There are 2 protein chains.
Amino acid sequence: MTTTPTAAPRPPQLAPPGLEGVAVAETEIGDVRGEEGFFHYRGYNAAELASLLSFEQVWHLLIEGELPDPQQLARFREHTSELRSVPEGIAPLLSQIAAGSEFVPLNALRTAVSLAADRLGLRPVLDIGPEEVREQALRMTALAPVLLMGLYRAHQGKPTVEPDPDLGYAAAYLQMLTGQRPLPAHARALEQYLILTMDHGFNASTFTARVITSTGADMGSALVGAIGALSGPLHGGAPSRALQTLDEIGSADRAYDYLRQKVEAGDRLMGFGHRVYKTDDPRSTLLRQVALEMGGEQAQFAQHVEQTALRVLNELKPGRRLYTNVEFYAGVVMNTAGIPREMFTPTFASSRTVGWTAAICEQAAHNRLIRPSAVYVGPTPPVPLPDGYTYG
Amino acid sequence: MTTTPTAAPRPPQLAPPGLEGVAVAETEIGDVRGEEGFFHYRGYNAAELASLLSFEQVWHLLIEGELPDPQQLARFREHTSELRSVPEGIAPLLSQIAAGSEFVPLNALRTAVSLAADRLGLRPVLDIGPEEVREQALRMTALAPVLLMGLYRAHQGKPTVEPDPDLGYAAAYLQMLTGQRPLPAHARALEQYLILTMDHGFNASTFTARVITSTGADMGSALVGAIGALSGPLHGGAPSRALQTLDEIGSADRAYDYLRQKVEAGDRLMGFGHRVYKTDDPRSTLLRQVALEMGGEQAQFAQHVEQTALRVLNELKPGRRLYTNVEFYAGVVMNTAGIPREMFTPTFASSRTVGWTAAICEQAAHNRLIRPSAVYVGPTPPVPLPDGYTYG
């Protein structure tokens, strides 16, 4: 029974920790250039897309590979609106999924997406063609906010609101949340946030979706994995924390002392600094403008806090290149648009579903199993069983 | 609004396709030495462990890092038996999760695990200590087959069978499936299969669990991602396919012609050849012995087909080093033990949960975000918007 290995094969080289800087794929979806404060979708400046175009136009760009012409766009709007219908048998289950003693929307969304993918009969991407994978991508992206709002309203004890087919993705998102047609300015502000967060290079959740897809699994499996990865505190994307800082500061005259004490205590300022951007985050630049255009005291106050924070960081951490990141104004924009804080991260998950599904389509079309290895560093095998150790 | 990037930073080097041979972590859990036909758990020959010890002894080894002494083992058996209890509110939902028109057990398990993790209130691993992560590892591994059998029996229209607290993991697995105490020989045969498949180096589902854990997410998120990855056709672990070959051959005298025609037609023989093993797969060696010891015509027939297949492969593909893999006898063992074919892969998922949770514990204890990059190969940014292209 016992095998006695002789010479071990040469162990693989250990990659840089966390695979940082290791490129595991070629992609045509987009990229982030942190030093330049620039990110793009299929070559187009993403901040410019968010500034000028609609959710559907950019969604089409990411999944279909090109901006739609007016006819394509009309068909795309109609088609994706139809794809919001909830699969049979799911609706009554949403309230039960949301019925836990503590409601964690991302967990509930993870369960609902898993269930919906099963009911839709999504087959392994390995067994279907690229057209069907793209169609599933649209289906799951259109469906995600409907599931999410169904869960949220069930948790609130409120009836489900059917999406209004006349509304685009962003406006319908708010309408399904509140039951009312949103103000156009609110829908547009949210739409800009959603476009800005559809994709952002090769983040951890997108990578997760690719790894799962690489086994040939179905799109539902890849999406539940991605939602799970997004829920991790290290993933980034928690705009509620920056908003909480604003609450704690309370009034403009308290900002400087509060922020200085925080930095002196060694605490991180939420909404500042980014792993990749070493200059202005292009998302924060646009979101600042969007927040200020929406009006309201909170945006003005946020701008005061931002300027104060940058002054404090410059005084106490000169040369550290800490700039405002996407989280700082994202919370202000979503809050002003009427989204409750516990739904901030799920809103991010909804828009990022566009990026995840684009990555799944690309991975499925050029697939190869992603299967790295590890270096074993434990006791040298074969370790003998302890003397007299028997079945028990 | 428009940013015009100038010189792009040096793109990262593209890693070998699929990260093959790239080591992304150090591990003390185990390793595979394909050239030697050897794999181990924490240094111990895994085939020897399966041959001599119980599921609980090896489970303890993988999670706690050492083989239990008799007192530790008694406590571990009692504790993990208690951890089989289904969280409140889940049981009535299992039948609804299983109620789709097509029952895909792994999909249903993915949904049920997501729901159970939520109900158990599993917090992000980043926010809890290693003791709590290990406790969750035991909880989810103990619970997985209870959920699975609840789903399966609900789909069959049968009532749930509570696990018998006097039975160990393997015997209770069969008892929850059939409602009857299994023959000791069947429980022991299944136990050996389960031990052999708890872990196997850095496979794609284990890597998925690590990537999700690296964001600091909760164990439920990592497990649903791993189940999703396991469901992919490229992951491996579909013993039903080898059994189907036996069915198609039907009788011993037809084996040679059938197999020769199959290989000549360029088809792959299910149950032969492995990505890593270039000699006897140590799992197939033990499972052959287990199958023959269980008795029955199928094992004898399978051995005849195996010998014939190896002869055919040697005649038609000399020097290709195609050996019997784990799948060939796994199906015979599970079938003889009374497991229906559609539950073969979910049975593999159940035992592999030990390896997944061991990997999650290790990743959480030495965490760093796993976030590789990609090389952008699309049109050079910034691509200008088409002339006159406006919001629509």
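Which one of B:161, B:211, B:146 is away from every other protein chain (no Cβ under 14 Å), buried (at least 24 other Cβ atoms within 10 Å of the Cβ) and modelled with pLDDT of 95 or more?
Matching residue, one of B:161, B:211, B:146: B:146.
I'm checking my understanding of the structure. Among residues of segment A:26-45 that are assigned to a loop (DSSP other than H, G, I, E, B) and at negative phi, which one is nearest to the other protein chains (Cβ to nearest Cβ)?
Only one residue fits best here, namely A:28.
Filter segment A:75-89 for residues that are at the interface with another protein chain (Cβ under 10 Å from one of its Cβ atoms) and within 24 Å of residue B:228 (Cβ to Cβ); which is surrounded by the fewest Cβ atoms within 10 Å (Cβ to Cβ)?
That would be A:88.
Quick one: residue A:300 ticks every box in (1) assigned to a helix (DSSP H, G or I); (2) surrounded by fewer than 24 Cβ atoms within 10 Å (Cβ to Cβ); (3) touching a residue at least 12 places away in the same chain (Cβ under 8 Å) except a single one, so which number is it?
(3)
Tell me, please, whether a residue that is assigned to a loop (DSSP other than H, G, I, E, B), over 24 Å from residue B:113 (Cβ atoms) and not assigned by TED's automatic domain parsing to the domain that holds residue A:289 can be found in segment A:120-133.
Scanning segment A:120-133 turns up at least one residue that is assigned to a loop (DSSP other than H, G, I, E, B), over 24 Å from residue B:113 (Cβ atoms) and not assigned by TED's automatic domain parsing to the domain that holds residue A:289.
Report, by residue number, each residue of segment B:272-291 that is more than 26 Å from residue B:262 (Cα to Cα) and among the aliphatic types (A, V, I, L, M).
The answer is B:286, B:290.
Output the qualifying pairs, or none if there are none: Cβ atoms under 6 angstrom, residues six or more apart or on different chains, first residue in segment B:216-235 and without any contact (Cβ under 8 Å) to a residue 24 or more places away in the chain, second residue open to solvent by 10 Å² or more (accessible area, probe 1.4 Å).
B:233/A:124; B:233/A:126
Residues of segment A:103-126 being at pLDDT 95 or above, over 17 Å from residue A:344 (Cα atoms), at the interface with another protein chain (Cβ under 9 Å from one of its Cβ atoms) and surrounded by fewer than 24 Cβ atoms within 10 Å (Cβ to Cβ), which ones?
A:119, A:121, A:124
Filter segment B:51-67 for residues that are assigned to a helix (DSSP H, G or I) and within 7 Å of another protein chain (Cβ to nearest Cβ); which is surrounded by the most Cβ atoms within 10 Å (Cβ to Cβ)?
Checking each candidate, the answer is B:57.
So which of A:380, A:279 ends up being out of contact with any strand residue (DSSP E or B) (no Cβ under 8 Å at 6 or more places or on another chain), assigned to a loop (DSSP other than H, G, I, E, B), within 14 Å of chain B (Cβ to nearest Cβ) and open to solvent by 60 Å² or more (accessible area, probe 1.4 Å)?
So the residue among A:380, A:279 that is out of contact with any strand residue (DSSP E or B) (no Cβ under 8 Å at 6 or more places or on another chain), assigned to a loop (DSSP other than H, G, I, E, B), within 14 Å of chain B (Cβ to nearest Cβ) and open to solvent by 60 Å² or more (accessible area, probe 1.4 Å) is A:380.
Somewhere in segment A:120-127, is a residue of a type in the set (Lys, Arg) and within 17 Å of residue A:224 (Cβ to Cβ)?
yes
Take the conditions without any contact (Cβ under 8 Å) to a residue 24 or more places away in the chain, more than 30 Å from residue B:112 (Cβ to Cβ) and either more than 8 Å from every other protein chain (Cβ to nearest Cβ) or open to solvent by 10 Å² or more (accessible area, probe 1.4 Å) (or both) and apply them to residue A:72. Does it pass?
Yes, satisfied.
Test residue B:48 against the stated conditions and say whether it is open to solvent by 10 Å² or more (accessible area, probe 1.4 Å), outside any helix (DSSP H, G or I) and within 11 Å of chain A (Cβ to nearest Cβ).
no
Looking only at segment B:314-325, decide whether some residue is in contact with a His (Cβ under 8 Å, 6 or more places away or on another chain), in the same structural domain as residue B:250 (by TED's automatic domain parsing) and within 14 Å of residue B:243 (Cβ to Cβ).
Yes.
So which residues in segment A:345-377 are crowded, with 16+ Cβ neighbours inside 10 Å, within 11 Å of another protein chain (Cβ to nearest Cβ) and not aliphatic (A, V, I, L, M)?
Within segment A:345-377, A:362, A:363, A:367, A:371, A:372, A:373, A:376 qualify.
The values are calculated or read from the model by the stated rules, or taken from the named source; none is laboratory data. All of these numbers come straight from a predicted model, not from anything done at the bench. Because the Cβ atoms are built from the backbone with ideal geometry, glycine has one as well, and the counts that use them run over all protein chains shown. The protein model used for the area step is the full one, side chains on, heavy atoms only, and it has no ligands, DNA or RNA in it. Shrake-Rupley method; radii C 1.70, N 1.55, O 1.52, S 1.80 Å.
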